[in-house]
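What follows is a short report on a single structure.
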Amino acid sequence: MTAKTQFSTSDAGSLITRTFLATVLFPHGCQLTFGLFGGSGFGPTMSYFTGVEKLPYFVGVMVILIQFLGSIFILAGLATRLVSFSVVILFIGMVLTSHIEFGFFMNWFGGQKGEGYEFHLLVIGMASSLIATGAGKYSASALLQRLIKKPAIIWTKFLID
């Protein structure tokens, strides 16, 4: 007998959500970390976070790491729930501290003094979906679980998946 591989729409949905969320977060992380795509890079970004936004240094570093390394982890499907939870917290914080005053809509035509929070809600929704579903079958965490061949206890599932 041969084993059949089951196709799961939930696993496909997780893969699609991970791919698009990582594709959006990664360039923002590159802006903050390396100054790519018109960004400032790590030093000036940290100066802005600690000087203008008055964030503790550790929090500024975490913001950068979540967007840069977190996007790589999400794409690979490693610690997806944990990283997605971090993304949700980060983006809620961004909305409450920097974007809520400008309303819902992005500043598409330059008529506002800042950016609204519609983009942030999409990221929060995608990351929340990944918290609920995990990385899925098509992920590095699923491969690790198959290699380890041990039943996942709840905290391990949260950290790996």
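The values are calculated or read from the model by the stated rules, or taken from the named source; none is laboratory data. Every value quoted in this text rests on a predicted model; they were computed, and no experiment measured them. Backbone-built Cβ (ideal geometry, glycine too); neighbour counts: all protein chains shown.
Computed values, structure above
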item: From the options Gly136, Gly60, Gly77, residue that is among the small types (Gly, Ala, Ser), crowded, with 16+ Cβ neighbours inside 10 Å and farther than 27 Å from Ser14 by Cα; result: Gly60
item: Boolean, Phe37 is surrounded by fewer than 14 Cβ atoms within 10 Å (Cβ to Cβ) and assigned to a loop (DSSP other than H, G, I, E, B); result: yes
item: Residue ID - nearest to the chain's Cα centre (by Cα), chosen from residues in the range 82-106 that are within 14 Å of Gln67 (Cβ to Cβ) and surrounded by fewer than 16 Cβ atoms within 10 Å (Cβ to Cβ); result: Ile89
item: Contacts under 9 angstrom Cβ, first residue in the range 101-127 being among the polar types (S, T, N, Q), partner buried (at least 17 other Cβ atoms within 10 Å of the Cβ), 6 or more apart; result: Asn107/Glu115; Asn107/Gly116
item: Looking only at the range 20-34, and only at residues there that are over 16 Å from Val87 (Cα atoms) and out of contact with any helix residue (DSSP H, G or I) (no Cβ under 7 Å at 6 or more places or on another chain), the one that is surrounded by the most Cβ atoms within 10 Å (Cβ to Cβ); result: Gln31
item: Helices (runs of 4 or more DSSP H) within the range 90-161 that include 2 or more residues at pLDDT below 90; result: 140-148, 154-160
item: Test: Leu21 is part of a loop (DSSP other than H, G, I, E, B), closer than 25 Å to Ile131 by Cβ and touching a residue at least 60 places away in the same chain (Cβ under 8 Å); result: no
item: Ser98 being under 30 Å from Ala142 (Cα atoms) and in contact (Cβ under 8 Å) with a residue 24 or more places away in the chain; result: no
item: From the options Ser14, Ser71, Ser84, Ser47, residue that is farther than 16 Å from Ala127 by Cα and in a helix (DSSP H, G or I); result: Ser47
